[in-house]
Amino acid sequence: MFDKSEMDQVLLATGGYDHTIKLWHTHSGICYRTMQHAESQVNALEITPDKQLLAAASYQHIYMYDLNSNNPNAIVNYDGTTKNVTDVGFQVDGRWMYSGGEDCRVRLWDLKSKGTQCPKIFEVQAPVTCVCLHPNQVELFVGDQSGIIHRWDLKTDHNEQLIPESDAMILDIAIDPLGTYMAAVNNKGRCYIWSLKSGKIDEPTKMNPRHKFDAHKRHALKCEFSPDSRYLVTTSADQTAKIWNTSDFSLRQELKQENQRWVWDAAFSSDSQYVFTASSDGCAKIWNIDTGSMEKEYAGHQKAVTALAFRDCAV
């Protein structure tokens, strides 16, 4: 496992159904700060690229918390969404934030202006389940409950649609850091893989179907590529997370523990040797990818942990 100095350079945040967000010392497993999120459950968490703020997606709001103070309450409230905010993320330089929601809209939020302005909105015909920013920082891939993946070009406002499977909800989308693969998972437990090819300047990314497989027996909830692009993790309502080799999408490890129930979220360590998971047993866990063993448990939430955010402070 990481040595202590490495583990103390990691930011790990968890949130869920108990209306709290917790920050953890990853080496010791001790929670060092609890923040209040009283109005609703936490749907998604993300840490800003400068590691100063934590965004929490919730019902009708995105709340921003200061990671460098002891303030238990949010310092900024981004509102205007009429239903659940289901996903949130940041442009690489932290200039803007994107979010998706059950009100069928994707929003871009200007983080450099005073106030909480939303200069751009992309509307679809079904509740948005997930939003993924391409490493090129100019294309957003949006999944919705009707099973459509939308590619939204932020420069031209052009969009196109892709339907990998009829009568299935897209629950998450991920693109590897090199921009060579895209993965999407659905409520039937299937995972779809595309190879991505960037066109010339100002040309859209081309998506070529590469592979599809039955990843889980029940809903597949999340997917995420490792920082070195060698692995893909998927999580599921079937009580497992699974690690797949991206070379051939063969199964590398099944991460399972009795009574962990739904596994909602996952994030890799920066060296791609470990993965964090969040699950309905009220715990987050860190797993060794080589051995498949659980290295540590982060216990303290009173209900399901549905979201986690992770950043390595050394990066």
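From the residues in region 24-33 that are part of a strand (DSSP E or B) and more than 18 Å from ALA266 (Cβ to Cβ), which one is least open to solvent (accessible area, probe 1.4 Å)?
Ranking the candidates gives ARG33 first.
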Legend entry - Hits in region 278-292 - residues which are hydroxyl-bearing (Ser, Thr, Tyr) and surrounded by fewer than 21 Cβ atoms within 10 Å (Cβ to Cβ): SER280, THR291
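Each row is one residue, and each column tells you yes or no for (1) modelled with pLDDT under 95; (2) part of a strand (DSSP E or B); (3) over 16 Å from LYS303 (Cα atoms).
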site: MET1; (1), (2), (3): yes, no, yes
site: ILE21; (1), (2), (3): no, yes, no
site: MET35; (1), (2), (3): yes, yes, no
site: ALA38; (1), (2), (3): yes, no, no
site: LEU54; (1), (2), (3): no, yes, yes
Inset, instruction - Scan region 267-277 for residues that are open to solvent by 10 Å² or more (accessible area, probe 1.4 Å) and touching a Leu at 6+ places or on another chain (Cβ under 9 Å) and report the count. - result: 1
Inset, instruction - Scan region 187-207 residue by residue and report those that are at pLDDT 95 or above, among the polar types (S, T, N, Q) and within 18 Å of ILE170 (Cβ to Cβ). - result: ASN187
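Within region 186-207, can you find the residues that are open to solvent by 70 Å² or more (accessible area, probe 1.4 Å), in a loop (DSSP other than H, G, I, E, B) and closer than 29 Å to LYS155 by Cβ? Before the answer, list the steps.
Quick first cut of region 186-207, residues open to solvent by 70 Å² or more (accessible area, probe 1.4 Å) only: 188, 190, 197-198, 200-203, 206.
Within this subset, residues satisfying the condition of being in a loop (DSSP other than H, G, I, E, B) are 188, 198, 200-203.
Selection gives SER198, LYS200, ILE201, ASP202, GLU203.
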Legend entry - Number of the condition not met by GLN145 [criteria: (1) in contact with a Pro (Cβ under 6 Å, 6 or more places away or on another chain); (2) open to solvent by less than 30 Å² (accessible area, probe 1.4 Å)]: (2)
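Can you tell me which residue within region 113-139, out of those that are hydrophobic (A, V, I, L, M, F, W, C) and outside any strand (DSSP E or B), is surrounded by the most Cβ atoms within 10 Å (Cβ to Cβ)?
Filtering region 113-139 for residues hydrophobic (A, V, I, L, M, F, W, C) gives 118, 121-122, 124, 126, 128, 130-133, 138.
From what's left, outside any strand (DSSP E or B): 118, 124, 126, 138.
Values: CYS118: 17, VAL124: 20, ALA126: 15, VAL138: 16.
Among residues in region 113-139 that are hydrophobic (A, V, I, L, M, F, W, C) and outside any strand (DSSP E or B), the one surrounded by the most Cβ atoms within 10 Å (Cβ to Cβ) is VAL124.
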Legend entry - Tabulated pairs, region 12-39, first over 18 Å from ASP66 (Cβ atoms) and touching a residue at least 40 places away in the same chain (Cβ under 8 Å), second part of a strand (DSSP E or B) and open to solvent by 20 Å² or more (accessible area, probe 1.4 Å), C-beta under 8 angstrom, 6+ apart or interchain: GLY16/TRP264; THR26/LYS296; GLY29/LYS296; GLY29/GLU297; GLY29/ALA299
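For GLY100, are the conditions met, namely being under 30 Å from SER270 (Cβ atoms), assigned to a strand (DSSP E or B) and out of contact with any Phe, Trp or Tyr (no Cβ under 7 Å at 6 or more places or on another chain)? Write out each step before concluding.
Values: under 30 Å from SER270 (Cβ atoms): yes; assigned to a strand (DSSP E or B): yes; out of contact with any Phe, Trp or Tyr (no Cβ under 7 Å at 6 or more places or on another chain): yes.
Here the answer is yes, as GLY100 does meet what is asked.
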Legend entry - Condition met for ALA174 (touching a Leu at 6+ places or on another chain (Cβ under 8 Å) and either open to solvent by less than 10 Å² (accessible area, probe 1.4 Å) or touching a residue at least 12 places away in the same chain (Cβ under 8 Å) (or both)): yes
Legend entry - So LEU221, is it within 13 Å of SER280 (Cα to Cα), touching a residue at least 24 places away in the same chain (Cβ under 8 Å) and either open to solvent by 10 Å² or more (accessible area, probe 1.4 Å) or in contact with a strand residue (DSSP E or B) (Cβ under 6 Å, 6 or more places away or on another chain) (or both): yes
Inset, instruction - May I ask you to say which residue of SER166, SER146 is modelled with pLDDT under 95 and not in a strand (DSSP E or B)? - result: SER166
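Evaluate the following for LEU53: is it touching a residue at least 24 places away in the same chain (Cβ under 8 Å) and under 17 Å from the mean Cα position of the chain (by Cα)?
Details: touching a residue at least 24 places away in the same chain (Cβ under 8 Å): no; under 17 Å from the mean Cα position of the chain (by Cα): yes.
Taking the combined requirement at face value, the residue does not satisfy it.
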Inset, instruction - Scan (1) over 16 Å from THR205 (Cα atoms); (2) touching a Phe, Trp or Tyr at 6+ places or on another chain (Cβ under 6 Å) for the single condition LEU140 breaks and write down its number. - result: (1)
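The values are calculated or read from the model by the stated rules, or taken from the named source; none is laboratory data. As the structure is a computational prediction, the values presented were derived from the model and not from experiment. Cβ: placed from backbone, ideal geometry, glycine included. Neighbour counts: every protein chain shown. Just the protein is used for accessible areas: all its heavy atoms, side chains included, with ligands, DNA and RNA removed. Shrake-Rupley method; radii C 1.70, N 1.55, O 1.52, S 1.80 Å.
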